[in-house]
Amino acid sequence: MSADAATPVARRPVGDPRPSRPSQLLSMAIVVALGVLLVHVLFETWAQVLTGPTSADPRVNLDTAAQWPKQLKTGLYVLLAALTAVKIVVDRLWRRFRTGADLALLVLGLVMVLAGLVNDSSPSLMGQALFVYFRGVLVFYALRAADLRPEHVRRLLLVVGAVVGLNVLLALVQMVVGTPAYRALGWVDLTWAGQSRAQGLQPHPNHLGHLLGLTLLGFIAWVAVHPRVRFAWWAVAGVVALALSASQSRESLLGVLAAAVVIAVLVRGSARRVLAVCLILVLCTVAQIAARPDNRAEWERRIGNAFSGFHHPAGSEHRAGPATPSAAARPPSPTARPSTSARPPSATARPSTSGRPPSATTGPSTAPRPSGAATPTPSPAPVREIRVLYLQQAADILPRQPLLGFGIGQFGGVVAEKNNPDWHKNPKFGPDGFHRYGFQAVQIDSFWLHLVMESGVLGLVAFLAWLFFVMRPLLRATRRPARTATRRGPPPAAVVWGIGAMLFAVLVAFLSPAFEDPLLPALLWTVVGLAWWSWRRSREAEASVYDAATAMLPVIRDPSDVRDRDTDILATDDILALARRVRRPGPAGPPRATRGDAIGR
């Protein structure tokens, strides 16, 4: 038999049969469904704005805006879950899903269900909350179940990359043109136009920052692994960094920089290239702040509000001042009125005019007093950062039920808002409830705060343990000193990208819904799923090197020779022929990586 005929045997790992036709079709269906889902989540809010009446108040949009984009997204997630289940059953892939990450996810789900049961969460409420928490994980399991090929991954990334490029272009146009560019896209809420924060086709500049942050981390992982990258790709990365800086997403900026530092540490010899990308991003951000006074004012306001939140913590507005006539007995003082950008809640107050109002807030309104009575008046609190105020309140309330929290679906999320718009008045939080300080957004702007309040310390520990088990095989792949007998070098780029993306999500989760966000989970778990695919592919390639000798024994020996079938002692010529076929290095070094290997890396 010729050497060409033996080549397919050497390429396919021993014991890994070619997928059947139904299995291949299921894998293709998973890739197509995932591609449609990713494109849909990138257009979801914009399509909702164009196809139905929308309000600047996000809580109003829960019921009055067009619901078909959200229903379609839910249907795509369900379809992806069904295709994954069928693929697992058809190919009997049970062993593939018996890892530490799968067991940790099961434990996490049980802890969350227990937290709901002890806090009287209904089964439907728990089901909705668990779906919001883990809908993005369905993408991760779908990619693990599918038999991906490099061309599948390449096409998927090209489709998503085209949509990312469109968002980059629109963000740059918004940066240059200003408010008319926002109106041309049909946006009703022009808050971000007033702050000169680009949002592209996303509902919030931070969503655009998350999208471009993950994209830039993909480039960072690539240049960390490949020392020689064409100048054109550096130019593309510079444009993406400029669009990211135009969003002025502070959480995305910090997440990218921190993840890049970790990548530089994990991949030896990549520090200069990685830090070069970070320098480009920092220079673009500094240029935005220096050239745009409104951006500079927003940075100064946010930093000042954060310090004010620590100097005047939550509850300090209740401190009594000197006895003065009541508000009804004297005209209101202009200096004691709250800021119009963050109005305290009251029975007749209108919702905020911004989709996610500025974080600066004043204290909650006080109860009316008898007319003309000289009563102590609360000291007016300065404008403060809402996330700091929420964290301070949680530190006071959580010790009431520290282990399992207050029940999933019952605190500060889209599920709680739909089920009970007055969730913050729950007496479990105390006699005064949980003060919202005029914040009108649907979701609490800190995933970790939301998680620990709903599922307690046990839920937080279980969630972090699950993320650790998800990352452990990828981290091991980067620490391996000698990857194979024939190839020494950096880990695959997809593995590095997955590590950086997860660290990015963990950090931005302090300042955003992150893992419960409509956009970030689908993108994040796509990157992590591709990282696991690349890791598994590299392991199979390593196993094929050691199994190739056994697989090619029937090829080298003459099948017509039936003598001495119990003896496998090879002659010197047979051994040399086997060595030439298994390892055939070129004259200039190891074999060049194929196009498929480049995608896997």
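Working with all protein chains in place, sort 417, 151 by solvent-accessible area computed with a 1.4 Å probe, largest first.
151, 417
Probe radius 1.4 Å, ligands and nucleic acids ignored: give me the carbon and sulfur share of the accessible area of segment 134-279 as a rounded percent.
Heavy-atom surface of segment 134-279 belonging to carbon and sulfur, 1.4 Å probe: 69 percent.
Run through all the Cα pairs of segment 123-185 and give the fraction in each 5 Å bin from 0, expressed as whole percent.
Taking all Cα pairs of segment 123-185, the binned fractions are 4, 13, 12, 12, 12, 12, 14, 14, 7, 1 percent.
Taking N as the number of residues in segment 81-129, what value does Rg over Cα atoms divided by 2.2 N^0.38 Å take?
Compactness ratio reported: 1.48.
Convex hull over the Cα atoms of segment 109-219, averaged projected area in nm²?
10.6
For a quick check of understanding: with a 1.4 angstrom probe and all protein chains in place, what accessible area in square angstrom does residue 289 have, to the nearest ten?
40
The values are calculated or read from the model by the stated rules, or taken from the named source; none is laboratory data. Everything numeric here is computed off the predicted structure, so don't read it as measured data. Heads up: the accessible areas ignore ligands, DNA and RNA and are worked out on the full protein's heavy atoms, side chains in. Shrake-Rupley method; radii C 1.70, N 1.55, O 1.52, S 1.80 Å.
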